[in-house]
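Comments concern the structure below.
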Ligand SMILES: CC(C)(COP(=O)(O)OP(=O)(O)OC[C@H]1O[C@@H](n2cnc3c(N)ncnc32)[C@H](O)[C@@H]1OP(=O)(O)O)[C@@H](O)C(=O)NCCC(=O)NCCS
C-alpha cells in the first residue's frame, strides 16, 4: 500500500510550452518501501474527452465499489450511458472537469461545481467527482487532483466545500479525512442499481492553501 503521506513530497511548476496544459506536477511517494515518482499534467476537459472520462469512471466503480453495489450491477455498467451524462456535464457552464494525464493517457479526473444540495448557500462549492485508475491509486495523484479542485473552487469564491461519499466506501472516507475533510452530519439515501445506498457528506470548512 502506498503511503504518500509518509515521506511523500509534491513538486509543482507551471507549464509554459503547451498552453492547454495548466500545470505539470510530479508526485513522489513511498510504495512498499520503494520511492517512486510519477509526472503528469492537469488540464480542463472538453467535450472530446467525454468517452475517456466515462471509461475511467466505469472502471473505477468496478474496482472501488464492490463493497457498495452488487457484482451484477457493476459488471453490466455501460460506458455509453456514462458518456451521455459526462457530455451533458461538460456542457454545464458552472461545472468544470479536470484531467490528470501522462503521455496522453488518462490517469484520473475530478469535477467542481456549485453545490447541488437543496437549500445550499450560493457560496457552497462541491467536489462532484474524484476518480483515479486502480493502478495509480496510492500514488499521490488523487491528492494532487483534490488539491487542484480545492484551489479551483476557492478561486471561484466557494466556501465551504462539500463532497458526498458512499458510507461503505472506506478508502475514500479515509482519503478525505486525511486531507482535512470531515463528515458534517448530512446523510442522503439514493437508489442506484435497485439498491438503497447511504452517502455521507464531507466538508472542508477552513480555507487551506493549495499545493
Ligand atoms: C478515493 C480515491 C480518489 C483516493 O485516492 P487514493 O490514491 O486511492 O488514496 P490514498 O491511497 O492516498 O488514500 C487512501 C487511504 O485509505 C486507506 N484505505 C485503503 N483501503 C481502505 C479500506 N478498505 N478501509 C479503510 N481505509 C482504507 C489507505 O491505506 C489510505 O490511507 P493511509 O494513507 O492513511 O494509509 C481513489 O481510491 C479512487 O479513485 N477511488 C474510486 C472512486 C472514489 O471512491 N471516489 C471518491 C468519491 S467521488
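Annotations
- Taking the conditions (1) over 19 Å from residue 56 (Cα atoms); (2) surrounded by fewer than 20 Cβ atoms within 10 Å (Cβ to Cβ); (3) more than 13 Å from the ligand (Cβ to nearest atom) in turn, residue 90 satisfies each one other than (1).
- Contacts under 8 angstrom Cβ, first residue in region 172-184 being within 14 Å of residue 138 (Cα to Cα), partner within 11 Å of the ligand (Cβ to nearest atom) and modelled with pLDDT under 95, 6 or more apart: 178/5
- Residue 164 meets the conditions (1) away from the ligand (no atom under 12 Å from the Cβ); (2) surrounded by 15 or more Cβ atoms within 10 Å (Cβ to Cβ); (3) in a strand (DSSP E or B) in every case but one. The failed one is (1).
- Considering residues of region 32-69 that are at pLDDT below 95 and surrounded by fewer than 14 Cβ atoms within 10 Å (Cβ to Cβ) only, the residue nearest to residue 112 (Cα to Cα): 39
- Test: residue in region 160-181 that is at pLDDT 95 or above, over 27 Å from residue 59 (Cβ atoms) and over 18 Å from the mean Cα position of the chain (by Cα): no
- Residue within region 138-159 that is part of a strand (DSSP E or B), closer than 25 Å to residue 52 by Cα and either at pLDDT 95 or above or away from the ligand (no atom under 12 Å from the Cβ) (or both) present: no
Per-residue answers, yes or no, for (1) within 14 Å of the ligand (Cβ to nearest atom); (2) under 22 Å from residue 40 (Cβ atoms):
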site: 101; (1), (2): no, yes
site: 104; (1), (2): no, yes
site: 110; (1), (2): yes, yes
site: 115; (1), (2): no, no
site: 122; (1), (2): no, no
site: 125; (1), (2): no, no
site: 128; (1), (2): yes, yes
site: 136; (1), (2): yes, yes
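- For region 102-119, a residue qualifies if it is under 25 Å from residue 186 (Cβ atoms) and in contact (Cβ under 8 Å) with a residue 24 or more places away in the chain, and the qualifying residues are 109, 110, 111, 112, 114, 115, 117.
The values are calculated or read from the model by the stated rules, or taken from the named source; none is laboratory data. Keep in mind that what you see is a predicted model, and the values were worked out from it rather than measured. Note that each Cβ is placed from the backbone with ideal geometry, even for glycine, and that neighbours are counted across all protein chains shown.
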